[in-house]
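To start, the structure under review is shown below, and the notes come after it.
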Amino acid sequence: MKNLFLLIFLSTLLFTENTHAQKLSPQPIATGQWLKTWLLCGPFPLETPKDAFQQWDHLVGFNKDYLTKIGGEKNPQFQAGDVVKYATGTAKWVLHTTPDSIIDLNKTVSRNDNVIAYAYTEVMAAEAGVWFVSLGTNDGGRLWVNGVEVWDVPEARGLTVDDDVIPVTLKKGTNTLLLKVEERGNRWEFCVRLFPFSTQKLVEKGGIFKITTKENGEAELVSELSTTVLNELVKKVHYSISNSQKKAVTSDERSKDFCQKLNIKTDNLQPYVAQLTIILKSGEQINQSIRFEAGKRMNYSLFSNQKSTYRIALAANASGSEQWAAQELQRWLKEISGVELPIQSLNQAYDGPQIVVGFNEFVTAKTGATQPAVTDESFRYCNAGQDILIYGGSQRGTMYGVMTFLENELGCRFYTPTVQMIPKRDELIFNHFDHAESPGVRVRNDFYYEAFDPTWAARNKMNGAMNERKQPGGVEAYWSVHTFYPLIPPAEFFGKHPEYYSLIEGKRTHDRAQLCLSNPEVLQIMIERIKKRMRESPDNLIYDVSQNDWYNPCQCDKCRAIVQREGGESGINIWFVNQVAEAVEKEFPSKFIGTLAYQYTRTPPKSIRPRNNVVVRLCSIECCFAHDFKSCPENQSFLQDLKGWSTLAPHMYIWDYVVNFSHYIMPYPNFKVLQPNIKTFQENNAIGIMEQAAYQSRGGEFAELKAYLISKLLWNPDCDVNEVVDDFMYGYYGRAGKFIRQYYDLIQGQITPNTHIHLGLKPDDPIFAGDFVQQASKLFKEAEKVADNVEMLRRVEMASLPLLYLKCRKNPTFSRVDGTYLKFNTIVKREGITHFAEEGAPNVNGFHSWVENAK
């Protein structure tokens, strides 16, 4: 028995001595290898949070240094087995090696919540330098490297490998890492490894510097990197700061003490952009662009409880569109707030705050801005203290600024000529406005029937039109198209001068033919006629001289010679139009002669260039509209022609197509190509874009949505299409918008890489096969159930009209039996729809005959 007790005593003594004799050896740094051996100590208690969802700070007690008696958290001196005493208990340093990457503190330290633990290790670096410490923790924590605090995250979170990547400076030899991890509940763990420093990875993680703004409005250059790391990495930093108008504000260069206050005025809160050029000691250069705000934040009330101290102020020389915009602002502000702001002259004495509409001396005094050109459509709205300034070019820029202010800041939407979404608000409190825009396309022609309404067009920034129309701010009108015969009609000339018209197979003809463009008399008549038109209709910007809407160009020897020299029919067309443009230039120096690059004239000529006062209107009529121009093999020849004209023509105007001319009122899934195609036109220097659609009547497939979306894209080709569509769905259709959106996704989803649709998509196309009709019908049935009111129900029914039409076309007999045809006719009559296709009445009559006589 004594021997047994002796054996147990010796074994215990030996075990205890081995435990205390354990020593932490520095771990050699191996790139990407986990640090598996640590000295752990804990748990140390924290206060239980009163708010279980507190995320913005560490738990109370975390900031206490429990290691004060052994050198503190910055320089702890201990070894395995040492005991740390604290007010309510003790904790021992225990050496632990994990078999994998993660140190599980629940298993090795404690399963208690609301505690912290320390983890300490040492690494051996072959050379001094900057490394990345890559770590993940559950929950938040703090890290010291060689006694320097380099990381602090006060939040509850799950462990994610390499969640934080921190640049640190390591010295040659032994380096210490002390990690403090808090436990808020559930899992409690961490993992750490090291990687060599990489400039690219640093940039990916957000760069070296940030700019923060203090409560007093001062802006300061800061860094999450420690001062030691910054001094090790950075040789110098140069920054230049500009305001929202891209005007330089200040610049500086620093080679030490990098993190300091920026020299910016702080009177008013304003947005800025800082461009940083950071030169590293390695010779590498990092460029950072940082957007920030600086200045004192003051709150102002535009209106509250149906009261306002503001007025709307106009200069005495305000343009007609600026006066109209002021009235729009007054009207919609009243509907939103219940208070009508007076419109007064800026010169009229007034002590209160004001919304100043239009550029004037007051704007210059407040902003330092210079007067924009009358035709400049860009705009800015901002505040100068409590005053709100909205200004741009006086023709349309200011007007567009007002409409955008209503849309962006007050939530107004102008979906159709008859449907607006105007929210009601008790108050509007603001501290800062500063927003500027410029058009993505100079001339924007949304050619939907709904978009012809001049007020809607002005509200949605559409400035293009086929022929002149009265519209706030006016329009950039393009007079007519296919004008060869309207200007030189066969009824007037062919009898005596057949030589003015095409020679086809040895015979002069005017039957679906063209003009003989090499005939000098034709040129003189054209010049006289187009001058007459320009004098009689002076408000147009562009006057068309273009081929008829069919083929059969002249085949006479003189015409053929020019065609052969230029490699195609576009050559003689440009040769002819250039002469017309030259002849009118002196009398009409600010006007343009337009022509078509269409069908047989689509391919650009070899060498002849359009004159500077010629606009070439390129047409995409042959394209596939299921896929964008760049991605579809069927569109490559058009894309090649587009690029050719882009380099050749000083002014290119696009005639694009967004509708099925044979079936306006049938589903046509082309929404996905609208943005990429418009951007392709923009990239190729198009000065104008016309999106030809269902232009003769209401009722086109998704006409209201497509007209609205096109207006957004023509103004800003980079706008978020899904955001615009979602906004329209729920604003225009209310609760039913959920199901209309699902139908929208269903029909757009019918397109595959092998699906090609053109302007003549037919009812028997494979995209309408299978259970598409059944799925779509079910969605519209659900939409009708939840429609908010009778008006919303009618909008839903209008959206369903293309599906009803398709059902009638696919199964005319059954559509009479199940009520589809009756419902279709009821909606058509109620909504005043006159065109089912571009052909008009003959097509409508043919449709009804098809359905009613089907057996």
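Heavy-atom accessible area per residue, the range 704-855, 1.4 Å probe: how many Å²? Present the calculation step by step, with values, prior to reporting the outcome.
On the way: 6910 Å² over 152 residues.
The answer is 45 Å² per residue.
For the range 393-499, the carbon plus sulfur part of the accessible surface works out to 50%, probe radius 1.4 Å. Of the labelled figures (i) 53.6; (ii) 43.1; (iii) 40.7, only one reflects mean projected area of the Cα convex hull in nm² as derived from the coordinates, namely (i). Phi-derived couplings, Karplus 6.51 cos²θ - 1.76 cosθ + 1.60 at θ = phi - 60°, listed residue by residue for the range 160-172: 10, 4, 6, 4, 10, 10, 10, x, 9, 9, 10, 8, 5 Hz, with x used for Gly and Pro. Bridge orientation summary for the chain: considering DSSP beta bridges with both residues in this region, about 70 percent are antiparallel. DSSP bridge analysis restricted to the range 281-370 gives an antiparallel fraction near 10%, rounded to the nearest 5.
Distance from the alpha carbon centroid of the range 775-844 to that of the range 713-727 works out to 27 angstrom.
Based on the mean of other beta carbon atoms within 10 Å per residue, what is the order of 791-799, 289-297, 808-816, most packed first?
Values: 791-799: 19.3, 289-297: 15.8, 808-816: 17.4.
The packing order, highest mean first, is 791-799, 808-816, 289-297.
Site pair His238 and Ser637 shows an inter-label distance of 5.3 nm when each label is modelled 7 Å from Cα along Cα→Cβ. Label points 7 Å out from Cα along the Cβ direction at Gln555 and Thr48: separation in nm? Here the modelled spin labels are 9.8 nm apart. Whole-Hz Karplus values for the range 677-687 come out as 5, 4, 5, 5, 4, 4, 4, 9, 6, 5, 7 Hz, taken residue by residue from phi with 6.51 cos²θ - 1.76 cosθ + 1.60 and θ = phi - 60°; glycine and proline positions read x.
Once a ≥ b ≥ c are taken as the square roots of the eigenvalues of the Cα gyration tensor of the range 70-176, is the result rounded (a/c under 1.5), prolate (a/b larger than b/c) or oblate (a/b not larger than b/c)? The shape class here is oblate. Ranking Ala626, Tyr381, Val577 by Cα position along the charge dipole of the chain, where only Lys, Arg, Asp and Glu carry charges on their C-beta atoms, puts Ala626 farthest toward the positive end. Zone of Gln33 (label point 7 Å along Cα→Cβ, backbone N under 12 Å): which residues in the range 168-189? Nothing falls inside the zone, counting backbone N under 12 Å.
In the full protein context, the range 510-557 carries 45 Å² of accessible surface per residue, based on a 1.4 Å probe and ignoring ligands, DNA and RNA. Across the accessible surface of the range 213-330, with the other protein chains kept in place and a 1.4 Å probe, carbon and sulfur atoms take up 40 percent.
If the only charges are +1 at each Lys and Arg Cβ and -1 at each Asp and Glu Cβ, what is the size of the charge dipole of the chain around the Cα centre, to the nearest 20 debye?
400 debye
Give the distance, in whole Å, between the Cα centre of the range 744-762 and the Cα centre of the range 70-144. Using only Cα atoms to place each centre, the spacing works out to 61 Å. The length gained on full extension between Asp788 and Thr375, counted as 0.36 nm times the residue separation minus their Cα-Cα distance, comes to 144.4 nm. Against the main long axis of the alpha-carbon atoms of the chain, helix 397-410 sits at an angle near 50°. Of Leu230, Pro486, Ile542, which is farthest towards the positive pole of the chain's charge dipole, taken about the Cα centre with +1 and -1 on the beta-carbons of Lys, Arg and Asp, Glu respectively? The residue sitting farthest along the positive end of the dipole is Leu230.
Which shape class applies to the range 272-361: rounded if a/c is under 1.5, otherwise prolate when a/b exceeds b/c and oblate if not, where a ≥ b ≥ c are the square roots of the Cα gyration tensor eigenvalues?
On the way: a/c = 3.29, a/b = 2.39, b/c = 1.38.
Prolate is the answer for the range 272-361, as a/c is 1.5 or above and a/b outweighs b/c.
Hey, quick one: spin label on Lys214, modelled 7 Å out along Cα-Cβ, who in the range 249-276 has an amide N within reach, i.e. under 13 Å? Counting backbone N atoms under 13 Å from the label point, the list is 260-264, 266.
Each residue, Glu839 and Lys246, gets one label point 7 Å from its Cα in the Cβ direction; the gap between the two is 5.1 nm. Distant-in-sequence amide contacts of Trp151, defined by a placed amide H-H separation under 5 Å and a gap of 5 or more residues or a different chain, comprise Leu143.
Annotation: amide H of Arg617 within the under-5 Å range of Thr595, Leu596, Ala597, Tyr653, sequence separation 5 or more or interchain, hydrogens built in the peptide plane. Relative to the dominant Cα principal axis of the chain, helix 520-536 is inclined by about 70°.
Taking the range 123-159 and a reference point 7 angstrom along Cα→Cβ of Glu204, the backbone N atoms nearer than 19 Å belong to 130-137. Note that the range 128-241 presents 38 Å² accessible area per residue, ligands and nucleic acids not counted, probe 1.4 Å.
Cα axis of helix 721-732 to longest principal axis of the chain: angle in degrees, 0 to 90, nearest 10? The angle comes out at about 70 degrees.
How high is the relative contact order of the range 262-306, given as a whole-number percent (alpha carbon pairs under 8 Å, six or more residues apart)? Can you show the working numbers first?
Values: 58 pairs, mean separation 18.9, N = 45.
Rounded, it is 42 percent for the range 262-306.
Each residue of the range 211-219 is assigned a 3J(HN,Hα), and the resulting list reads 10, 10, 10, 7, 4, 7, x, 6, 9 Hz, derived from the Karplus form 6.51 cos²θ - 1.76 cosθ + 1.60 (θ = phi - 60°), x at Gly and Pro.
Return the calculated 222 nm mean residue ellipticity for the chain, to the nearest 500 deg cm²/dmol, obtained by summing -39500 (n - 2.57) across DSSP H runs with n ≥ 4 and dividing by the residue count.
Result for the chain, helices only: -9500 deg cm²/dmol.
Of the peptides 441-453, 391-403, the order by per-residue mean of other Cβ atoms within 10 Å, starting with the highest, comes out as 391-403, 441-453.
If packing is taken as the average count of other Cβ atoms within 10 Å, what order do 223-233, 492-502 fall into, highest mean first? Kindly include the intermediate steps, with their values, before the conclusion.
Working: 223-233: 18.5, 492-502: 16.7.
Those peptides, ordered most packed to least, come out 223-233, 492-502.
For the range 182-296, what class follows from the C-alpha gyration tensor (a ≥ b ≥ c being the square roots of its eigenvalues): rounded when a/c is under 1.5, otherwise prolate if a/b is larger than b/c, else oblate? Note, shape of the range 182-296 comes out oblate. For Tyr664, the residues whose amide H sits under 5 Å from its own are Ala837, Glu838, ignoring neighbours fewer than 5 places away on the same chain, with H placed 1.01 Å from N.
The values are calculated or read from the model by the stated rules, or taken from the named source; none is laboratory data. Note that this is a predicted model, so its numbers are computed, not measured. Virtual Cβ from ideal backbone geometry, glycine too; neighbours counted across all protein chains shown. What goes into the accessible areas is simple: the full protein's heavy atoms, side chains included, and nothing from ligands, DNA or RNA. Shrake-Rupley method; radii C 1.70, N 1.55, O 1.52, S 1.80 Å.
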